[in-house]
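One structure is given here, and the rest of the page talks about it.
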Amino acid sequence: MRETNWGGNHTYRASEVTAPTSIEDVSAIVRSSDQVAVIATRHSFNAIGDAATIVDLSAIDEPIAVDDDSGTVSVSPAITYAQLSCELAAHGRALHNLASLPHISVGGAIATGTHGSGSQLGNLATAVRSVDLLLATGDVSTFDQSDPDFDGVVVGLGALGLVTRVVLQTEPDYDVTQTVYDGLDWQTLTDEFDAVLAAANSVSVFTRWGDAVGEMWCKQRDDDPTPDSFDLGSLSPAEGPRHPIPGAAAEACTEQLGRSGPWWERLPHFRADSTPSSGDEIQAEFFVDRADSVRAIAAMRSIGGRLDDVLLVSEIRTVAADRLWMSPHHGRASTGFHFTFRMDPDAVQTAVDAIADAVHECAPRFHPSKALPTGWRIESPHLGDFLELKHRLDPTGRFTTDWFRTHISA
């Protein structure tokens, strides 16, 4: 029986997943293989991590190393953010942000530009300070911020080599208060979009595109003054715990109700010791320039009824701009529109194609590891630079997967 991804909608080509126990073993595997990809927590919804040879780095014993002098942490890319957060908390350190799920791996999140929420917060890859990359030759090279190729390497989409070590910037520990609000209406959201999404350090608006918007989840750092961009007093705090999916039990979610707690127990939507999200789903996501947020909302509302049968919930978030070449947020402050769908691949593809058509004029950038529109190809102002870098680092195409040929370079 072949391996599948987390969602169960993709079966990997390789008959087995290789789990080497040393970097030397990984080097030997790469040198002897024609096509290689790495997987970790498998929280992708397409073939981005698929290849003839698939490597899982989690069996390599690479300890977490916190450097108190520089405020950085050196980690294996196979570690999850939940594991890393516990270790950082023990050292009184923290990350600038976390994604909705703490179950995902550091390497996979960085390689695809995965993010949390926050108008002033960059995606998770913006915390990277250096990357150790095992190249097609089997040798390991280090790329740090002084390297001219650094901005091309960090969000590498698995196409440049196998990441064996990552150094991340950390900051002092902090607490966060999470509150869920009801009562936000579409007129207020669209009239005051920037203010609403800046009403806390991290804001998520959950919706099904009907007459009512849905829930507004606010996560505010206790050491940061509450923003005055939007009057949260005009909304109603939820009287009990909520799940992003309407009607779903909230036991798996991080604590809300205005109760303060450690950053790593509040910034994700879901607890590390729980089954993430619905557990039987397919996800998709696109990003637009922040200036196009209201136009994208109008486009989505115009087709919302067509998504009802397959959509569980959508999430609207903001992400700061960055310099990373293949990041979905490169060069523009972004608004993300995330979709959690039922496990129905054909219906999901129809829905994603409809979404792409609806928001076409907003120049959407789709998350590379989630469900993609038919015929989608990645666009980036630095695509030519990235392809040149790939040719230089991987001239024999060992890390050129079928996904890469389909969506980036034929």
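Okay, here's what the table says:
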{"item": "Potential lengthening between E16 and D185 on full extension [0.36 nm per residue; Cα-Cα distance subtracted]", "result": "55.9 nm"}
{"item": "Folded to 0 to 90 degrees: helix 23-32 orientation relative to the chain principal axis, Cα", "result": "70 degrees"}
{"item": "For segment 220-292, convex hull of alpha carbons as volume per residue, Å³", "result": "162 Å³"}
{"item": "Highest average packing first - 73-85, 176-188, 383-395, Cβ atoms within 10 Å", "result": "73-85, 176-188, 383-395"}
{"item": "Chain lengthening between L257 and T4 when straightened (0.36 nm per residue, less Cα-Cα)", "result": "87.4 nm"}
{"item": "Nearest 10 degrees, 0 to 90: helix 81-90 Cα axis against the chain principal axis", "result": "80 degrees"}
{"item": "Cα long-axis angle, helix 383-393 against the chain (0 to 90 degrees, to the nearest 10)", "result": "30 degrees"}
{"item": "Whole-Hz couplings from phi, Karplus 6.51/-1.76/1.60, listed for segment 199-205; x for Gly and Pro", "result": "6, 8, 4, 9, 10, 10, 10"}
{"item": "MRE, 222 nm, helices only [DSSP H, n ≥ 4, -39500 (n - 2.57), over the chain, to nearest 500]", "result": "-6000 deg cm²/dmol"}
{"item": "Share of pairwise Cα separations in the chain, more than 40 Å, in percent", "result": "12 percent"}
{"item": "Computed label-point distance, nm, for sites D175 and D61 using a 7 Å Cα→Cβ extension", "result": "3.8 nm"}
{"item": "Heavy-atom surface of the chain, accessible at 1.4 Å and reported per residue (Å²)", "result": "39 Å²"}
{"item": "Segment 199-331 shape via C-alpha gyration tensor axes, a/c threshold 1.5", "result": "rounded"}
{"item": "Projected-area mean, segment 258-392, by convex hull of Cα positions, square nanometres", "result": "10.7 nm²"}
{"item": "D_trans [Stokes-Einstein, Kirkwood Rh over alpha-carbon pairs] for segment 12-128, 37 °C, 0.692 mPa s, µm² s⁻¹", "result": "213 µm²/s"}
{"item": "Ordering of 358-370, 139-151 by burial proxy (mean other Cβ atoms within 10 Å per residue, highest first)", "result": "358-370, 139-151"}
{"item": "Carbon and sulfur %, accessible surface of the chain computed with the full protein complex present, 1.4 Å", "result": "47 percent"}
{"item": "Local net charge near D139, Cβ-Cβ under 13 Å (Lys/Arg +1, Asp/Glu -1)", "result": "-1"}
{"item": "Shape category assigned to segment 248-322 from the gyration tensor of Cα positions, a/c cut at 1.5", "result": "oblate"}
{"item": "Estimated vicinal HN-Hα couplings, Hz - segment 99-111 in sequence order (Karplus 6.51, -1.76, 1.60; Gly, Pro = x)", "result": "7, 4, 10, x, 7, 7, 7, 4, x, x, 5, 5, 5"}
{"item": "Orientation-averaged projected area, Cα convex hull of segment 129-202 (nm²)", "result": "8.5 nm²"}
{"item": "Net lengthening on full extension, A298/A195 (0.36 nm per residue, minus Cα-Cα)", "result": "35.3 nm"}
{"item": "Part-to-part distance (alpha-carbon centres) for segment 179-213 and segment 72-87, which is given in Å", "result": "32 Å"}
{"item": "Cα pair distances of segment 134-250 binned at 10 Å [whole percent]", "result": "11, 30, 18, 22, 16, 3"}
{"item": "Inter-label distance, nm, simple model (7 Å from Cα along the C-beta direction), T226/E239", "result": "2.1 nm"}
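The values are calculated or read from the model by the stated rules, or taken from the named source; none is laboratory data. Not measured: the values here are computed from a predicted model. Cβ atoms come from the backbone with ideal geometry, glycine included; neighbour counts cover every protein chain shown. Areas reflect the complete protein model, heavy atoms only, side chains present, ligands, DNA and RNA absent. Shrake-Rupley method; radii C 1.70, N 1.55, O 1.52, S 1.80 Å.
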